[in-house]
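Data block below; observations after.
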Amino acid sequence: MLGYTITFIIIALIAGIFGFGVIAGTAATIAKVCFIIFLVLFVASLLRTKRV
C-alpha cells in the first residue's frame, strides 16, 4: 500500500513538472487516499498485535 502511495506521488510530481494539471491533481488525490488507508491499517495492526 505504501508503495502505491509513493508511485502516485512520483506520478503527480512528474505530471506537475510537465504541466499536466488534471493528471497531477488526480494522482495526488489517489496518493492521499492510499496514504490514509495505509495509516489506518497500520494503526489497526498495531492495536491488534498481542504483546507477550
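Coordinate-derived values only; no laboratory data. Model, not experiment: these values are computed from the prediction. In this analysis, Cβ positions are derived from the backbone assuming ideal geometry, glycine residues included, and neighbour counts consider all displayed protein chains.
Helix 21-48 and the longest principal axis of the Cα set of the chain meet at an angle near 0°. One decimal place: the segment Val22-Ile6 gains 3.9 nm when fully extended, by the rule 0.36 nm per residue minus the C-alpha distance. Using only Cα coordinates, the Kirkwood hydrodynamic radius of the chain works out to 11.9 Å. Exposure proxy for Val43, Val33: other Cβ atoms within 10 Å of each Cβ, ordered fewest to most, give Val43, Val33. For the chain, the relative contact order works out to 40 percent when only alpha carbon pairs closer than 8 Å and six or more residues apart are counted.
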